[in-house]
Amino acid sequence: MKIKETPLKDCYIIEPTIFEDERGYFYEKFNEEKFEELTGANGHFVQDNISKSCYGVLRGIHLQKGEHAQAKLVSCLQGKVFDVAVDLRKDSPSFGRWFGVELTEENKLQLYVPRGFGHGFSVLSETAVFSYKCDNYYNKASEGSVLWNDPDLHIDWKLPPADVILSEKDQLSPTFAQGNY
């Protein structure tokens, strides 16, 4: 397992060591001890979520606030997504900045998104199966969001705007300036 820093404080790309031969491949997707040693972050995750989406679906920018805040370790098990983390921690040197990376079934990369960040992804393949490991349980009352096409953030979701498919909730999210985080 290799850790790559991103431009956002405490947000990391995790690259597994893959063993391949004529039979296929093997890799360790997660190891709590190695994760904590390499990132300095708490690697104790309590909830795993999986979503399946079709091309053009954009999920985000979502977060959990307060005592129910969640750090996430995300990956794409099938297909290809453009994954985005937004630093919403007001005391962070990278506050208001975003970082994006393609996560695919081929590259097997994972992105660690710390507590206090917003998170979202757009589906670039015909379908995608996406995995989230969360370090805290979901709490509906603690949901927060930021508008996916916020003019202050200028996120390039790698999709033509006409192809974007959003939930009603994501269409109605507040802007970054409105501060629902």
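Key figures
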{"read-out": "Selection of chymotrypsin sites (Phe, Trp or Tyr not before Pro), segment 69-146, meeting DSSP coil and at most 15 other Cβ within 10 Å", "value": "PHE95, TYR137, TYR138"}
{"read-out": "√(5λ) per eigenvalue of the Cα gyration tensor, segment 1-79, largest first, Å", "value": "24, 20, 13"}
{"read-out": "Histogram of C-alpha separations across segment 1-42, 10 Å bin width, %", "value": "26, 46, 21, 7"}
{"read-out": "Against the rule of thumb 2.2 N^0.38 Å, how large the Cα Rg of segment 2-171 comes out", "value": "1.01"}
{"read-out": "Those lysines that a straight Cα-Cα span of less than 21 Å connects to LYS108, excepting residues fewer than 8 apart in one chain", "value": "LYS2, LYS4, LYS29, LYS34, LYS52, LYS72, LYS80, LYS133, LYS158"}
{"read-out": "GluC sites (Glu not before Pro) restricted to DSSP loop in segment 1-110 with at most 11 other C-beta within 10 Å", "value": "GLU22, GLU28, GLU106"}
{"read-out": "Likely footprinting exposure, ILE165, ILE18, ILE13, ILE155, fewest C-beta neighbours within 10 Å first", "value": "ILE18, ILE165, ILE13, ILE155"}
{"read-out": "Rg over Rh, two decimals, segment 83-181 (C-alpha only, Kirkwood Rh)", "value": "0.94"}
{"read-out": "Sites excluded, trypsin sites (Lys or Arg not before Pro) in DSSP loops with at most 12 other C-beta within 10 Å, longest stretch of the chain", "value": "91-181"}
{"read-out": "Rg and Dmax of segment 140-181, Cα atoms only, in Å", "value": "11.1, 33"}
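Taken together, the values in this text are just the output of simple stated rules run on the coordinates, not laboratory data. None of these values were measured; they are calculated from a predicted model. Ideal geometry is used to build each Cβ from the backbone, glycine not excepted, and the neighbour counts take in all protein chains shown.
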